[in-house]
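The block underneath contains the structure these notes are about, expressed in structure tokens.
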């Protein structure tokens with residue numbers, strides 16, 4: 001962790017030092033500074049809805065990385081290795097150690113449909129190049145209410161921000177794609193089947209309505225609850241006509257799916 005290179009896994013202190021020293025490209029600096037401002041500032045007097053996100057950024061509990069492409073295999077393979085490193089260290093780093101991933105902004109404005117394509121291409125790529133098999137206790141059918149994206153043996157919740165959220169500002173990132181990965185383990189004690197989890201959801205939903213000025217999205221739900229589907233929540237739709245009707249990801253328990261040489265860690269930055 002905190003190795004040199006744009007795509008290394010870094011903690012907040014290291015990241016902010018690299019920003020101050022000018023070690024990062026402008027797009028990476030803008031991505032992080034925009035994210036931090038969103039987490040810690042208010043919009044029309046309202047704080048960001050997820051107080052867990054606020055406290056994680058305020059206390060330096062998150063980890064970060066930058067990816068220079070959403071499609072280039074070398075960039076995505078290097079990201080795969082960074083995500084594996086994160087899985088190895090997050091439990092020891094902090095109780096709420098999410099991974100915030102900033103992707104290089106596109107050269108031209110993209111449609112909402114194209115951002116959905118970006119997200120699911122990345123998740124499918126990770127699945128195909130996963131060195132670990134899909135967890136036995138996680139279904140492979142995204143239409144199952146206990147399905148969840150998994151990687152490196154860890155079920156996790158990836159949530160996105162993107163430029164097309166012109167009204168739902170809690171999901172808005174003006175620059176490009178941003179994905180925050182949260183392993184299921186960090187939600188222990190605050191899931192939908194606990195009193196603390198129910199209270200947290202009620203508070204967050206009230207804050208979403210105040211912050212966004214619109215009702216919470218109809219697809220927001222809870223993992224394992226009848227009728228709720230996890231995959232819809234990874235990138236909430238703004239225009240239903242541009243969002244996929246079915247989960248674009250194909251999950252298989254066949255392992256490995258590619259040449260084992262490609263599953264070995266890559267050392268380039």
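The numbers here are math on the coordinates, done by the rules we state, and not lab data. Just so we're clear, the structure is a prediction, and the values are computed from it rather than from any experiment.
Out of all DSSP beta bridges in the chain, what portion is antiparallel? Express it as a percent rounded to 5.
Working: 16 of 22 bridges.
Just about 75 percent of them are antiparallel.
Hey, what's the Kirkwood Rh for the chain if you take every pair of different alpha carbons, in angstrom?
It works out to 19.1 Å.
Note down, for the stretch 106-148, the three equivalent ellipsoid semi-axes (square root of 5 times each alpha carbon gyration tensor eigenvalue), biggest first, whole angstrom. Intermediate results must be reported in sequence, preceding the final value.
Working: eigenvalues 146, 41, 5 Å².
Ellipsoid semi-axes (Å, largest first): 27, 14, 5.
In square nanometres, what is one fourth of the surface area of the convex hull spanned by the alpha carbons of the stretch 17-107? Don't skip to the end; give the middle numbers.
On the way: hull surface 28.7 nm².
Mean projected area of the Cα convex hull: 7.2 nm².
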